[in-house]
Each structure stands twice: as structure tokens, then as C-alpha cells.
Amino acid sequence: MLWQICAAAIPLVWLCVRVHSALFSPLLKVPGHNFTLITDVWLMLQEFMGNRREYIHHLHKRYGPVVRLGPNEVSFTSVEALKEIYLSEGSGYDKTEFY
């Protein structure tokens with residue numbers, strides 16, 4: 001009996017944690033599908049079906065140059081964003097000596 005309660009509580013706790021983190025996420029205002037704040041399962045499904053690139057392109061056509069793909073993933077298409085992300089010299093996001 002106790003293991004059944006625990007088995008039912010685990011998904012409920014997972015969902016509560018995801019919803020709570022979604023409500024207070026800094027990515028809340030980044031455009032994208034609402035369910036991407038909670039899970040990235042749809043993106044993984046697109047990856048397995050071989051449609052990830054087309055899916056992301058469709059999102060950019062619909063929402064613009066900045067799109068939320070999952071709870072912790074954002075896609076950019078602007079040249080300025082690419083320069084900031086990949087050529088950010090001295091911005092504090094550079095790799096350490098370890099790399």
C-alpha cells in the first residue's frame with residue numbers, strides 16, 4: 001500500500017516542481033509554446049523523428065528571432081546574438097583555462 005502511494009506521489013511531485021520552476025523561470029517571457037516551460041519532450045521527439053531543424057525553423061518563422069525550445073534551451077537567429085554568444089571576448093562567459 002505504501003509503495004503505491006509513493007509511486008503515485010513521484011510523478012505528482014515532479015509535475016509540481018516543473019510547474020513551480022516554470023512560473024518563476026527567467027525564460028517565461030521568451031516566446032515559444034507554453035509546454036516548453038515544463039518539458040522538452042516535444043523537442044526530443046522531433047530530434048528522434050529527424051525533424052529538429054525544421055521544427056526550430058518553423059518556431060522562428062512563427063515567433064521571431066528568439067525562441068524557447070525547452071525549460072533550459074533557447075534558440076537565436078540574429079547575427080548580433082551569434083556574435084555575443086560565440087565571440088564574446090571579455091564578457092565573463094569565456095571558457096576557463098581548463099578548456
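The values are calculated or read from the model by the stated rules, or taken from the named source; none is laboratory data. As the structure is a prediction and not an experimental result, all values here were calculated from the model. For neighbour counting, all protein chains shown are included, and Cβ atoms are generated from backbone atoms with ideal geometry for every residue, glycine included. Surface accessibility is based on the protein's heavy atoms, side chains included, excluding ligands, DNA and RNA. Shrake-Rupley method; radii C 1.70, N 1.55, O 1.52, S 1.80 Å.
So if R0 is 35 Å, what FRET efficiency would R53 and S21 give, r being the distance between their Cβ atoms, rounded to the nearest 0.05? Intermediate results must be reported in sequence, preceding the final value.
Numbers: r = 28 Å, r/R0 = 0.79.
That gives a FRET efficiency of 0.80.
Report the extension gain between F98 and W14 in nm, rounded to one decimal, defined as 0.36 nm multiplied by the number of residues separating them, less their alpha carbon distance. Mind showing how you got there, number by number?
Numbers: separation 84, 0.36 × 84 = 30.24 nm, distance 3.47 nm.
Additional length available on full extension: 26.8 nm.
So for the pair A7, M44, with labels modelled 7 Å out along Cα→Cβ, what separation do we get in nm?
Output for this residue pair reads 2.1 nm.
Kindly identify region 1-66 as rounded, prolate or oblate by the Cα gyration tensor criterion: order the square roots of the eigenvalues as a ≥ b ≥ c, call it rounded if a/c is under 1.5, otherwise compare a/b with b/c, prolate if a/b is larger, else oblate.
oblate
Under a 1.4 Å probe, what is the accessible area of the chain per residue, stated in Å²?
Values: 7990 Å² over 99 residues.
On a per-residue basis, the chain sits at 81 Å².
Could you put W14, W3 in order of accessible surface area, largest first, with the 1.4 Å probe and the full protein assembly present? Kindly include the intermediate steps, with their values, before the conclusion.
Values: W14 125, W3 175 Å².
From most accessible down to least: W3, W14.
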